[in-house]
1. Residue by residue through the stretch 350-367, note down the ones that are without any contact (Cβ under 8 Å) to a residue 12 or more places away in the chain and more than 20 Å from residue 256 (Cα to Cα).
2. For the stretch 61-95, name all the residues that are buried (at least 20 other Cβ atoms within 10 Å of the Cβ) and near the ligand (Cβ under 10 Å from one of its atoms).
3. Just to verify a result, which residue in the stretch 49-60, among those that are more than 11 Å from the ligand (Cβ to nearest atom) and not in a strand (DSSP E or B), is surrounded by the fewest Cβ atoms within 10 Å (Cβ to Cβ)?
4. Looking at this structure, is residue 209 surrounded by fewer than 23 Cβ atoms within 10 Å (Cβ to Cβ), under 26 Å from residue 107 (Cβ atoms) and touching a residue at least 60 places away in the same chain (Cβ under 8 Å)?
5. Are there any pairs with C-beta distances below 6 angstrom linking a residue in the stretch 84-96 that is farther than 11 Å from residue 72 by Cβ to a residue that is surrounded by fewer than 16 Cβ atoms within 10 Å (Cβ to Cβ), with the two at least 6 apart or on different chains, and if so which?
6. Filter the stretch 540-552 down to the residues that are at pLDDT 80 or above and out of contact with any helix residue (DSSP H, G or I) (no Cβ under 7 Å at 6 or more places or on another chain) and list them by number.
7. Can you report the number of residues in the stretch 365-412 which are over 22 Å from residue 304 (Cβ atoms) and in a helix (DSSP H, G or I)?
Ligand SMILES: [Zn+2]
């Protein structure tokens, strides 16, 4: 499908790279650019940089990024046409929907099965009599029709071949449906049957909004209470954060993630107006989850159940997050309740207000837990004081640190200044601020010359046109530079001004990084045609020299093979001379 270039340009210009990237990555202003942790590779110090001026983003580590289209293509794993369509949508420009042309691979088929089945389960919930008790159960638990429709909650009938027949009729491979966790297998006769039977079906989406699993809840007190999809290639619990697809934007807006214990709570808490809420799928917080959270927001608030298990989880997850340098907060839930029950108890609005007014720094929360223990047990007092001192030192905000210091000095009945002094000892000397930039790269003489030529062409279309007759792609030694030169020829057909963000769409993916780095080359004068010719000459000379050296080496190996000693010595001397000459230059 061919898209109109003017339309593409308009969509590109109307979408701001900073707005777009901010929906996925927490960014900080550093100098003229914004930086953050790269969403495409694992890292501890930020190498991902966004330039508002140039409307491009770029990772100095893994080299991914580009303009708005390229960023969206990579982060959502979609085609260029789809990226143009989505970005068009977001600024009110309609782009015709393209026909899917790709051949579905196994993962895509698994997703397709999930989504078809999800819609069918959802339809069945209200369509058949057998589902009535399940629907009633949902209503009793405060699920409105609106929630049921929005979340596409469904019902799996108590039939062993319901999903089985549905998928078979649509031509899906049963073994693949088994691998996707939708069917179970009888290991004696290798027959397949439904995994989910007589359960309320909650679809679980990945961060791109595709349904990749289910949680089937019993409404009759059966065991297990929740039957989840097993680990499959598309459903990996250590990576899934429930509702991240819908919560991402609110999370970025608030710069805060509210982390809950269960996905049911997420649905209810979102309904009360707190839209930046997510949960893991019944697993502990994994390394992958933490990395995801770090990239997403600067603040994480824990809102776990008000029972012993919830309290324990709060302490251990909070500890992990604090160690990772994340600002961590806690909203304490009333004793013996979960967030859902608290909402039922006090109403949505009152709950919303409660959460917004009861957010403790994680260390304050810990201090409160200790209040009963430290007064009468000196050993505990000593241990807790040490722990508190180190914890407080890890609070990043100086103002908040001071506030918690006051609380601790009151709890332990120790002098504020003394405690402050102890805490200071733990605070690491602030490291020099790291600004991402190109790693120091050395270029050969010809490469430097080629980069300069291209940079001059970026700057000046007129110069490019003037030189076009003298230079062809073959004049460039580096293959990426050839491709950039060719792209430039096409680009200047339709544009008079060079714009790196726009130009990136003309450049093959493996040349993007070079394009961005050439654009950064500093030049401060307009070159003459002679100067450009000099550069080209430098490129050629180096190529010529290399060619004659290779020729000498070739002759030498032949002379050795033939046992021609005089010729061998003559050639060896020539090579040494050549290298000496080269060093002198
Ligand atoms: Zn990267």
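1. First, pick out the residues of the stretch 350-367 that are without any contact (Cβ under 8 Å) to a residue 12 or more places away in the chain: 350, 353, 356-357.
If the condition is that a residue be without any contact (Cβ under 8 Å) to a residue 12 or more places away in the chain and more than 20 Å from residue 256 (Cα to Cα), then 350 is the only one that fits.
2. 64, 65
3. First, pick out the residues of the stretch 49-60 that are more than 11 Å from the ligand (Cβ to nearest atom): 50-56.
Next, from what is left, pick out any that are not in a strand (DSSP E or B): 52-55.
Details: 52: 15, 53: 10, 54: 19, 55: 21.
Residue satisfying both the conditions and the ranking: 53.
4. Working: surrounded by fewer than 23 Cβ atoms within 10 Å (Cβ to Cβ): yes; under 26 Å from residue 107 (Cβ atoms): yes; touching a residue at least 60 places away in the same chain (Cβ under 8 Å): no.
No; evaluated as a whole, the condition is false for this residue.
5. Matching pairs, first to second residue: 91/14.
6. As a first pass, look at the stretch 540-552 and keep what is at pLDDT 80 or above: 548-552.
Those that are at pLDDT 80 or above and out of contact with any helix residue (DSSP H, G or I) (no Cβ under 7 Å at 6 or more places or on another chain): 548, 550, 551.
7. To start, the set of residues in the stretch 365-412 that are over 22 Å from residue 304 (Cβ atoms) comprises 374-383, 385-386, 389-390, 392-393, 396-399, 401-403, 405-406, 408-412.
Now drop any that are not in a helix (DSSP H, G or I), which leaves 378-383, 385-386, 389-390, 392-393, 398-399, 401-403, 405-406, 408-411.
Looking only at that region, the number is 23.
For every residue, the table says whether it meets (1) crowded, with 22+ Cβ neighbours inside 10 Å; (2) closer than 27 Å to residue 75 by Cα; (3) at pLDDT 95 or above.
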| residue | (1), (2), (3) |
| --- | --- |
| 214 | yes, yes, yes |
| 223 | no, no, no |
| 230 | no, yes, yes |
| 235 | yes, yes, yes |
| 240 | yes, yes, yes |
| 243 | yes, yes, yes |
| 247 | yes, yes, yes |
| 254 | no, yes, no |
| 266 | yes, yes, yes |
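The values are calculated or read from the model by the stated rules, or taken from the named source; none is laboratory data. As the structure is a prediction and not an experimental result, all values here were calculated from the model. Note that each Cβ is placed from the backbone with ideal geometry, even for glycine, and that neighbours are counted across all protein chains shown.
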